[in-house]
1. Among the numbered criteria (1) of a type in the set (Val, Ile, Thr); (2) in contact with a helix residue (DSSP H, G or I) (Cβ under 6 Å, 6 or more places away or on another chain); (3) crowded, with 17+ Cβ neighbours inside 10 Å; (4) under 30 Å from VAL203 (Cβ atoms), which single criterion is violated by THR69?
2. Hey, can you tell me all the residues within region 621-648 that are among the aromatic types (Phe, Trp, Tyr) and either buried (at least 17 other Cβ atoms within 10 Å of the Cβ) or on the phi > 0 side of the Ramachandran plot (or both)?
3. Mind checking which residues of region 82-128 are of a type in the set (A, V, I, L, M), within 40 Å of the chain's Cα centre (by Cα) and at pLDDT 90 or above?
4. Enumerate the pairs (first residue in region 156-168 and among the aromatic types (Phe, Trp, Tyr); second residue anywhere and part of a loop (DSSP other than H, G, I, E, B)) with beta-carbon separation below 8 Å, excluding pairs fewer than 6 apart on the same chain, so at least 6 apart or on different chains.
5. Counting just the residues of region 277-322 that are of a type in the set (Asp, Glu) and within 29 Å of the chain's Cα centre (by Cα), which one comes out modelled with the highest pLDDT?
6. Please pick out the residue among GLU572, GLU597 that is of a type in the set (Asp, Glu) and out of contact with any Ser or Thr (no Cβ under 7 Å at 6 or more places or on another chain).
7. How many residues are modelled with pLDDT under 90 and either basic (Lys, Arg) or in contact with an Asp or Glu (Cβ under 6 Å, 6 or more places away or on another chain) (or both) when one looks only at region 323-356?
8. If you check every pair at least six apart or on different chains, which have Cβ atoms under 6 Å apart with a residue in region 180-201 that is acidic (Asp, Glu) first and a residue that is assigned to a loop (DSSP other than H, G, I, E, B) second?
Amino acid sequence: MPQRPTRIAPVLVLCVAALLLAVAAPAATAPAATQAGELPEELRSIAGVRFLGQHHLGRRLVVAAGLHTRRPSVLPWRERPQLRRDYLRSDSAAIVSLYRHYGYLDATVGVKLLPGHDPRTAYVEFEIREGALTRVSRVELDGVNHYPVADLRRGLLAQPQRAFDPAFLQLDVTRIRTLYQERGYLVGVDTLSRRGLPDSAHVEVRYGVDEGPEYRVGRIEYIGSPKQIRDRLGRRELLLKPGDLFRMSRLDLSKEHMYSTGLFRQVQVTQLPDTATGTMDLLVRIQPRPARWVDVGVGSGTSDRFRTTAQWGHRNIDTRALGGVLDGELAWYGDGRPHKNGAAATLTEPWLFGVRLLGQAGVFYRNQHDEAYNDQGEDLYTQHAESRGFSFSISRELSRIARMTVLEEDALVYQSYTIDAPRAQVADSTVARLESQTIPRYRSNTLRATLERDTRNDRITPSRGSYQSLVPEFAGGWLKGQSSYRKAAFSSIWYVPYANGWLGAMRTMVGVMGPYGPTPKNFTPDLGLDAQVAHVPRESRFFIGGVNSLRGYGENAVTLNGGLAVALANAELRIPVAGPFGIEIFLDAGNVWDRPEYVRVRDFVLPWQATSTRPGDVRYAYGLGGRLVLPFGPLRVDVARADRPDFPFTKGRHGRDLPFAYQFAIGPSF
């Protein structure tokens, strides 16, 4: 019987052929990549980054452009950066922009990818063609009639023979407008830059100024707050009055004064110019803050292991910005003994005698217990001091960055002493002198002046600027009172930011003082003390040591009973690590002397020579610490070390000295 032909075989042949073609198709295209040993770009990581053709700008400046394409980390557990085409394009544009900022207008950047040793990696080469440096040939100012041209030129960034930066044009426009606003003009400025005059390496810059009319202050209207605050407080803080020449700096300073009163949450000023009449109407919108406030805080330090404070205040007692504050403080040692407590009530008048003069008057009560030591550093007795009195101060802003304050304080002080050492170690004559040679009650009248200069950008966590203060102080004499001394202290702080985000901070402080006039008795026992030191109240002497001065040492532990001359220097490098976390590397140096005339040049030994225990030698402490920046200030832990045998090293678990001392603190060291 003949077999019927089947159609399954051709179908199977076609399926097998299609399968072979599907397998062969990618195999035909694969050899190029396989032979090259490479993967597609989006699947490769970066083995390294190179810069070629870089002659006039250092590699550090190019990296400062904020490139996304980066070299892999040397740490083996860090993930290698991926090769991305969009990053290469944006980084090329960033390098070109950086070169144009420095005057290289013809700079171009090309990118080349080279295979790495691993087929999964590639090297990135940025080929930089810098071109010629372009400079400013001349600067022209057109339409300037009411401002000295020479003064206007000095304030411009575009100067002849300076490397040309296209950003100069917009920045100079802002500068010209700001200068004219100080003379009552709201000018319009046009810019024009022409390259090729006299050659392609030079650019001519021209600014066209449309001065317009001179503006004077017209109508001033206050809205958005109670009438009594608008009329009595808002108007007196505004430095511009109707008919005055309109000056933007005076308007900005007025807003700062309004905020400084603490009465206003928001201050907005809308300017309404009238070109026909040449007047500038001002619409001032004010939002007041709640008048009453309460503040409670707790803290801990090397001296006060636990401290709590509480404040209640009122910002506008009599509807004329008279402020009142009631505050109290309690602190204990680490062993639970009370350390100090006090209370105060203060009234503040921002317009004393009808002028811009901040006046404060208050009464206070303080009760403090300080441990006193003999010349061997042994705990001998504790001073109990109770003070009550009143104070009055006036403060005046000399400029935006300078302020002067004068404080007069009168206090009645009661003091007594308790023997801390075992009675067997203290002779009867010592106890007798403790009772007979110390003034149990005295009156202290003090006059203190403070001159400050402050250019810091922030008072809690500054990152640039500086702060200087000079504080002369007088007690007794024509002020009367048993406490009579002269005192002066100067301190200076600088903050220097670096391009990589690091911050350098430095501080120096010096001070001298001395008693004068007849002093019938000592203010503290003269057991091992210099006679001149004993003639000055303990709370008025110089002390250093602690988390904010000479780290590693105890709070106010240098010297143990204070002195009449001090020198302190601090250097610190603050390095951000990740987010709010950072580290600090520091070097502290300082000492306190009994008298200013005891200070010698040989006392200022070098750090590697400060290993002796001579009391006159400058003490050094160095180390590092961790920082956690919080909204109210940094939280710090500092680990310090010194080469002196008398350095208070931390005790270990078995009573042995560890090679360091650690301290906790809240707030910046300075």
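1. (4)
2. First, the residues of region 621-648 that are among the aromatic types (Phe, Trp, Tyr): 622, 632, 647.
Of everything in region 621-648, those that are among the aromatic types (Phe, Trp, Tyr) and either buried (at least 17 other Cβ atoms within 10 Å of the Cβ) or on the phi > 0 side of the Ramachandran plot (or both) turn out to be TYR622, PHE647.
3. If we filter region 82-128 for residues that are of a type in the set (A, V, I, L, M), which is where we start, we get 83, 88, 93-96, 98, 105, 107, 109, 111, 113-114, 122, 124, 128.
When the remaining residues are screened for being within 40 Å of the chain's Cα centre (by Cα), the result is 83, 88, 93-96, 98, 105, 107, 109, 124, 128.
Those that are of a type in the set (A, V, I, L, M), within 40 Å of the chain's Cα centre (by Cα) and at pLDDT 90 or above: LEU88, ALA93, ALA94, ILE95, VAL96, LEU98, LEU105, ALA107, VAL109, VAL124, ILE128.
4. Partner pairs satisfying both residue conditions: PHE164/GLY103; PHE164/LEU105; PHE164/THR134; PHE164/ALA158; PHE168/LEU156; PHE168/LEU157; PHE168/ALA158.
5. Within region 277-322, the subset of a type in the set (Asp, Glu) is 281, 295, 304, 318.
Next, from what is left, pick out any that are within 29 Å of the chain's Cα centre (by Cα): 295, 304.
Numbers: ASP295: 89, ASP304: 63.
Filtering region 277-322 for residues that are of a type in the set (Asp, Glu) and within 29 Å of the chain's Cα centre (by Cα), the one modelled with the highest pLDDT comes out as ASP295.
6. Values: GLU572 fails: out of contact with any Ser or Thr (no Cβ under 7 Å at 6 or more places or on another chain).
After ruling out the rest, the residue left standing is GLU597.
7. 5
8. From region 180-201, the pairs are GLU182/ARG247.
The values are calculated or read from the model by the stated rules, or taken from the named source; none is laboratory data. From a predicted model like this one, the values you see are computed outputs, not experimental measurements. Quick reminder, even Gly has a Cβ in these numbers, built from the backbone with ideal geometry, and neighbours come from all protein chains shown.
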